[in-house]
Amino acid sequence: MDLTLRYGARVKGGFDLRGPERIALVGRNGAGKTTLLRTIGGELEPLGGEARAHVPLRFLPQRLDVLDDELSVAENVARFAPDATNNRVRARLARFLFKGAKADQRAATLSGGERFRAALAALLLAEPAPQLLMLDEPTNNLDMASVRQLSTALESYEGALIVASHDLPFLESIGITRWLLLDGELKEFGDLAAITEFIESTKGADAEEEVEEAAAEVVDSSRITA
């Protein structure tokens, strides 16, 4: 069955994700990566066809708007895990370097790296626990220390991952098992040299994909399930 997305290029091909696979999604700016993730996550309704996830999932977008700026870090996490005790929330947050007063800091006052860590903590500590986590350009605007913290946090995550990124060292550090190229169609990359060559060719491109929001193009894709 074809899937018609709201924005992006014309795409043919699809994929099934089964078990705790770790998939890297690469493609040139404007190829439709963000729109594809948002559709799988249920944030965008497809114009035709369906993209189904049969497990609890969470999506962390580039804009990090999963946080309520008026709430503290701890309060934001509690929104995603309403049955968790305050002690449990704080104990888990300490693993993301939010200890003591840091957990009471308002989201609006966080630095970029802190905001990312808080958003990731909220998603990973959510109830029910996500069995599929989707990240859109997660290392953009992060310093090296924050990237290392992200890699460490994902090491202990046991569910499936779909990560849209061109940050090859980061992708290698989190144990990617499948590489997909979105470039007119979804293609499997099996050769690391080819992946590296493609990623090198895209350097310098604008990492933000807001062009997807400005132009309503049709994406035709076969079955995409998780």
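Just a few scattered comments:
- Filtered residues of the stretch 158-172 (kept if surrounded by fewer than 18 Cβ atoms within 10 Å (Cβ to Cβ) and either modelled with pLDDT under 90 or closer than 21 Å to GLY19 by Cβ (or both)): GLU158, GLU172
- Number of positions in the stretch 106-149 that are over 20 Å from ALA160 (Cα atoms), assigned by TED's automatic domain parsing to the domain that holds SER165 and not hydroxyl-bearing (Ser, Thr, Tyr): 6
- Residue ranges of helices (runs of 4 or more DSSP H) in the stretch 25-105 with at least 3 members in the same structural domain as GLU158 (by TED's automatic domain parsing) and crowded, with 17+ Cβ neighbours inside 10 Å: 33-40
The values are calculated or read from the model by the stated rules, or taken from the named source; none is laboratory data. Because the structure is a prediction, the values reported are computed rather than measured. All Cβ positions, even for glycine, are placed from backbone atoms using ideal geometry, and neighbour counts span all protein chains on display.
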